[in-house]
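Okay, structure first, notes after.
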Amino acid sequence: MDYDFATLDLADESEAAVARRRGWLGAVQRGFHSGRPDEAFEKHWLTHVRADDVVCAGARLPEGEFGAGPVPVATFAHFDKTLNAGHELLPLRMITDVTTSPAHRRRGLVRRLMEDNLADAVASGIPVAALTASEATIYGRWGFGAATFAQKIEVNTGPRFGLRAFDDPGRVELIEPPESWPIVRGVFDKFHVANRGSVDWPQFYEVLHTGAFDFNEGGPDKKLRGAVHLDGDGTVDGVVLYKADGQGRERKIDVTEMMALTTTAGPALWSFLGGIDMAQKVTFGLAHPDDPLQWALTDINAVSYTANSEFLWVRILDVERALTARPWAVDGRVVLEVEDDQRHAAGRFTIVSEGGHAKVTRTDDGAEVRVSAETLGSLYLGGAHVSALRRAGRVQGSDDAVTRFAAMADLAVPPYNLTGF
């Protein structure tokens, strides 16, 4: 069957265009097993996609076929923002809303949409693509590697909870999320610049973090609460957004966002959360992969790390540009070969690192270390180490060359991203 591939015109308000737009959004919701979007949902979604210049593409059944109409059988969207690579904020192709109808799987629909999109990113000079995946087995075939990780933590805030003494010349104050977007956004902007692995926020984060609309519940988020930490000069250097869930002894505090710009703000915000009355537990699903909370507690076992999962998947499209933008641990030289079925990152590259920076150039010299595009994506931000991937059989080369590459590429502090899309 010949499918019709097309891109939505989000500015077109004709009856046919609106029907296609609603059909596309409905297909996305169906693909992620979510409820049918209503008028309010569509309004907030449309504001977001227009603000971020989102490109919504898809595949439909050809006219005359049973089931043909405004609802596509595959969807795909992208928009462009930035990734903190360590030395600079790189242009980033952000891929989202990838779905296929269960009646049209294994027809090559997503493959065509993905490969066309990556080729467009390359033609546009974008060096890196990324996505957050619902299944870990899908995107390696297109060169995406799991690149950042997050921990889910659960803190017992009953009698066991307590923090070791720390000096805090500042204080914590409550905020009202509907009125506090400039504060929250300001903290994130500083977080984004300071944290390797961070991805810039899409526009819908304003909707989420002000409680203007809950896309799961289909209305305003009336449970969302917030607090900030002020340093000794009264400057906001940390923020937490949270909701209470459950009743009685089962009540817990679910943290939806937490950002600490200083080593004082983090413990202060946790002290605040642990002191909320009538709650016995605090959970946070996006804690730093090297989270220090257990070391700040008087009882190390008051916190449980209940999950550690991949979050951001990265695809390198321009090896020279991307590797130059990330930090390097020690001075050295290695010739790296990248194998890439789509050819975007394929080739051999001489990497010469000095003073934390690297010069990366294409070369015809013999390869010393070989990796796939998927493995390079996992190594890129430092979320995975060369030595671990070597033991997993995903890095090839002599012991000397791989050891040299590991010393250059492995970074002590893991990357950290708070942005899902």
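The values are calculated or read from the model by the stated rules, or taken from the named source; none is laboratory data. Given the structure is predicted, the values throughout are model-derived calculations rather than measurements. Glycine also receives a Cβ, built like all others from the backbone with ideal geometry; neighbour counts cover every protein chain displayed. The accessibility values were calculated without ligands, DNA or RNA, using every heavy atom of the protein model including side chains. Shrake-Rupley method; radii C 1.70, N 1.55, O 1.52, S 1.80 Å.
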Given ASP318, ASP299, which one is at pLDDT 95 or above, under 30 Å from VAL122 (Cβ atoms) and of a type outside the set (A, V, I, L, M)?
ASP318
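Filter segment 391-409 down to residues that are of a type outside the set (A, V, I, L, M, F, W, C) and within 21 Å of GLY143 (Cβ to Cβ) and give me whichever is surrounded by the fewest Cβ atoms within 10 Å (Cβ to Cβ). Can you show your working first?
Of the residues in segment 391-409, the ones of a type outside the set (A, V, I, L, M, F, W, C) are 391, 393-394, 396-400, 403-404.
The next check asks that each one be within 21 Å of GLY143 (Cβ to Cβ); those that pass are 393-394, 396-397.
Values: GLY393: 7, ARG394: 18, GLN396: 17, GLY397: 21.
By that ranking, first place goes to GLY393.
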Counting only residues in segment 119-138 that are over 17 Å from GLY377 (Cα atoms) and part of a loop (DSSP other than H, G, I, E, B), the one modelled with the lowest pLDDT is identified as SER134
Could you tell me whether THR137 is hydroxyl-bearing (Ser, Thr, Tyr) and open to solvent by less than 50 Å² (accessible area, probe 1.4 Å)?
no
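Going by what's in this entry, would VAL314 be described as in a strand (DSSP E or B), under 21 Å from LEU90 (Cβ atoms) and either free of Cβ contacts under 8 Å to residues at least 12 places away in the same chain or open to solvent by less than 10 Å² (accessible area, probe 1.4 Å) (or both)?
Details: in a strand (DSSP E or B): yes; under 21 Å from LEU90 (Cβ atoms): yes; either free of Cβ contacts under 8 Å to residues at least 12 places away in the same chain or open to solvent by less than 10 Å² (accessible area, probe 1.4 Å) (or both): yes.
Answer is yes for this residue.
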Scanning segment 240-252 residue by residue, the ones that are in contact with a strand residue (DSSP E or B) (Cβ under 7 Å, 6 or more places away or on another chain), without any contact (Cβ under 8 Å) to a residue 60 or more places away in the chain and not in a loop (DSSP other than H, G, I, E, B) total 6
Could you list, in sequence order, all residues of segment 379-413 that are part of a helix (DSSP H, G or I) and touching a residue at least 60 places away in the same chain (Cβ under 8 Å)?
LEU379, TYR380, ALA401, ARG404, PHE405, ALA407, MET408, ALA409
With the requirement that a residue be in a helix (DSSP H, G or I), under 13 Å from ALA68 (Cβ atoms) and of a type outside the set (A, V, I, L, M), what does segment 2-23 give you?
ARG20, GLY23
Pairs needed: first member in segment 154-177, open to solvent by 90 Å² or more (accessible area, probe 1.4 Å); second member anywhere, in a strand (DSSP E or B) and charged (D, E, K, R); C-beta distance under 8 Å; at least 6 residues apart or different chains.
LEU174/ARG225
Among (1) under 21 Å from the mean Cα position of the chain (by Cα); (2) in a helix (DSSP H, G or I), there is one condition ILE153 misses while meeting the rest; what is its number?
(2)
Please pick out the residue among ARG185, ARG196 that is open to solvent by 30 Å² or more (accessible area, probe 1.4 Å), part of a loop (DSSP other than H, G, I, E, B) and closer than 26 Å to THR82 by Cβ.
ARG196
Which numbered condition trips up GLY64, out of (1) small (Gly, Ala, Ser); (2) surrounded by 11 or more Cβ atoms within 10 Å (Cβ to Cβ); (3) modelled with pLDDT under 95?
(2)
Please find, within segment 7-57, the residue that is surrounded by the most Cβ atoms within 10 Å (Cβ to Cβ) out of those that are touching a Phe, Trp or Tyr at 6+ places or on another chain (Cβ under 7 Å) and among the charged types (D, E, K, R).
ASP52
List pairs: first in segment 220-236 and under 16 Å from THR263 (Cβ atoms), second acidic (Asp, Glu), Cβ under 9 Å, 6+ apart or cross-chain?
HIS229/ASP168; HIS229/GLU173; HIS229/ASP237; LEU230/GLU173; LEU230/ASP237; ASP231/ASP168; ASP231/ASP237; GLY232/ASP168
When you go through GLN280, GLN294 one by one, which is the residue that is farther than 27 Å from VAL187 by Cα, more than 21 Å from the chain's Cα centre (by Cα) and not hydrophobic (A, V, I, L, M, F, W, C)?
GLN280
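Assess whether ALA388 counts as being out of contact with any Pro (no Cβ under 8 Å at 6 or more places or on another chain), open to solvent by 40 Å² or more (accessible area, probe 1.4 Å) and within 16 Å of MET408 (Cβ to Cβ).
Working: out of contact with any Pro (no Cβ under 8 Å at 6 or more places or on another chain): yes; open to solvent by 40 Å² or more (accessible area, probe 1.4 Å): yes; within 16 Å of MET408 (Cβ to Cβ): yes.
Yes; evaluated as a whole, the condition is true for this residue.
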Residues in segment 24-62 that are part of a helix (DSSP H, G or I) and within 13 Å of LEU10 (Cα to Cα) total 11
Filter segment 341-378 for residues that are more than 27 Å from the chain's Cα centre (by Cα), touching a residue at least 40 places away in the same chain (Cβ under 8 Å) and surrounded by fewer than 20 Cβ atoms within 10 Å (Cβ to Cβ) and give the result.
THR361, ARG362
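Results for (1) part of a helix (DSSP H, G or I); (2) aliphatic (A, V, I, L, M); (3) in contact with a His (Cβ under 9 Å, 6 or more places away or on another chain), shown as yes or no for each residue.
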site: ALA322; (1), (2), (3): yes, yes, no
site: ARG333; (1), (2), (3): no, no, no
site: GLN342; (1), (2), (3): no, no, no
site: THR350; (1), (2), (3): no, no, no
site: THR375; (1), (2), (3): yes, no, no
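Given the residues THR256, THR262, which is the only one that is open to solvent by 40 Å² or more (accessible area, probe 1.4 Å), in a loop (DSSP other than H, G, I, E, B), in contact with a His (Cβ under 9 Å, 6 or more places away or on another chain) and hydroxyl-bearing (Ser, Thr, Tyr)? Before the answer, list the steps.
Details: THR256 fails: in a loop (DSSP other than H, G, I, E, B).
Result of the check over THR256, THR262: THR262.
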